[in-house]
Amino acid sequence: MIRMKSNLTYLKKPDLFKVLNQHQDSFFAVIDEAVREHLPDWVKNSKKVFWLKNPEASKNLATFGEVIGFFLDQGISRSSMLFAIGGGATTDLAGFVAASILRGISWTSVPTTLLAVVDGSIGGKVAVNMPQGKNLVGAFHAPEKVCICYDFLSSLSKVEWDSGKGEVLKYGFLSTKISEMILKRESLELIAHECCEFKQKIVEKDFKEEGERIFLNLGHTLGHAFESNLKIPHGVAVAMGIKYLLKVFSQSELLVEWEKLADSLGISLEETNLSHYPEFSVDKFKSYMLQDKKKNQTSIRLVLLNKVGSCYVQEIKFQDFLKKIEANEDFKS
Ligand SMILES: NC(=O)c1ccc[n+]([C@@H]2O[C@H](COP(=O)([O-])OP(=O)(O)OC[C@H]3O[C@@H](n4cnc5c(N)ncnc54)[C@H](O)[C@@H]3O)[C@@H](O)[C@H]2O)c1
């Protein structure tokens, strides 16, 4: 089993700039245009930066090829350091470039959304999307460092804050310590810090997702289907994925916990109700789930909750899961 050492660093902008300066000679980067104004002038003007205008739409094989061609033209070598500066879509794409170019070079992840801080930038799972589904081509390639600088979050939109909070809510179910911090309404920065450390510890033990790392997928089976069906941000969809999982499995006490966590985090309860989305289609939802599961797979492995801080994995026949969904009042259209 591959073990990974902690590579998380928390720093303010001036110290991040020092890290960038130290790597000026070996510097290459993929950067989200949305954070250009946060960066020092030499980075803004560098010829070694591939800028992304719409990161999620660029997270594909075509852009992957473009980035590789661009870096080869600019003289990238095995001793270069590739910086990924942006949200989860940027770090996923850039990390996959780092995993592949010249058979793999070092990279540093600099997450700039709350979601990427607490989840996407940590753990070295890197990938691009395919027309058949999200994250279908990728690798495990750990960043040498994850530089977490909360200063970037000052320019996030409300939608992106909500998305990040959705992933934070997930951690509130995985860890009693994080749940308590959320319910005590401690600062989001402190809570995010705890989420990062929690994920990092799991990844250190189970880099290749052969064991407990799968718990981090709590809420994702339904979440991905909500994300695709309702076109809502990833983290909000994950929060909804947990809520409706609890509904489908009739875990009413945990549903109360869900509401408390969502309320403490300031996630809009109304917007996480299916009734809020008149255009929701159960058939499209089911067909996404059918397409999302691997071919010839008759059952799926669901992450379920005993209680806050205690998860388990249950193998369930896919058709039985769909029946459970259909039987739930909320999904009746
Ligand atoms: N590899 C993993 O372990 C992992 C885990 C969770 C999610 N992900 C991936 O992460 C992606 C979602 O991440 P995300 O929500 O960060 O999406 P994103 O990277 O698309 O960023 C969301 C939006 O925020 C903008 N943005 C980024 N930083 C900003 C800033 N500081 N100020 C203003 N705007 C900013 C971006 O331009 C974009 O419009 C998905 O592709 C998902 O698959 C990966």
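Every number here is computed from the coordinates shown, using simple stated rules; none is lab data. Nothing here was measured: the structure is a model prediction, and the numbers come from that model. Glycine also receives a Cβ, built like all others from the backbone with ideal geometry; neighbour counts cover every protein chain displayed.
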For labels at LEU11 and PHE318 in the simple 7 Å Cα→Cβ model, what's the distance in nm?
-> 4.6
Roughly speaking, what is the stretch gain from SER310 to LYS177, that is 0.36 nm per residue apart minus the C-alpha to C-alpha distance, in nm to one decimal?
-> 46.7 nm
In debye to the nearest 20, how big a dipole does the chain give about its Cα centre with +1 on each Lys and Arg Cβ and -1 on each Asp and Glu Cβ?
-> 800
Simple spin-label estimate for PHE249/SER187, 7 Å along Cα→Cβ, in nm, reads 3.5
Return one number: the angle in degrees, 0 to 90 and rounded to the nearest 10, between the long axis of the Cα atoms of helix 318-327 and the longest principal axis of the Cα atoms of the chain.
-> 60
Measure nothing fancy, just the Cα-based angle from helix 188-205's long axis to the longest principal axis of the chain, in degrees from 0 to 90, nearest 10.
-> 90
Given LYS12/LYS47; LYS170/LYS260; LYS243/LYS332; LYS177/LYS307; LYS199/LYS247; LYS243/LYS307, which pairs have Cα atoms separated by over 20 Å?
-> LYS12/LYS47; LYS199/LYS247
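Which length gain, in nm to one decimal place, applies between VAL137 and GLU209 when the Cα-Cα distance is subtracted from 0.36 nm times their residue separation?
Here the answer is 24.3 nm.
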In degrees, nearest ten, helix 282-292 long axis to first principal axis of the chain (Cα) = 50
May I ask you to list the trypsin sites (Lys or Arg not before Pro) in segment 102-181 that are in a DSSP loop and have at most 11 other Cβ atoms within 10 Å of their Cβ?
-> none
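Calculate for the chain the 222 nm mean residue ellipticity that helices alone would give, adding -39,500 (n - 2.57) per DSSP H run of length 4 or more and normalising by residue count, nearest 500 deg cm²/dmol.
-13500 deg cm²/dmol
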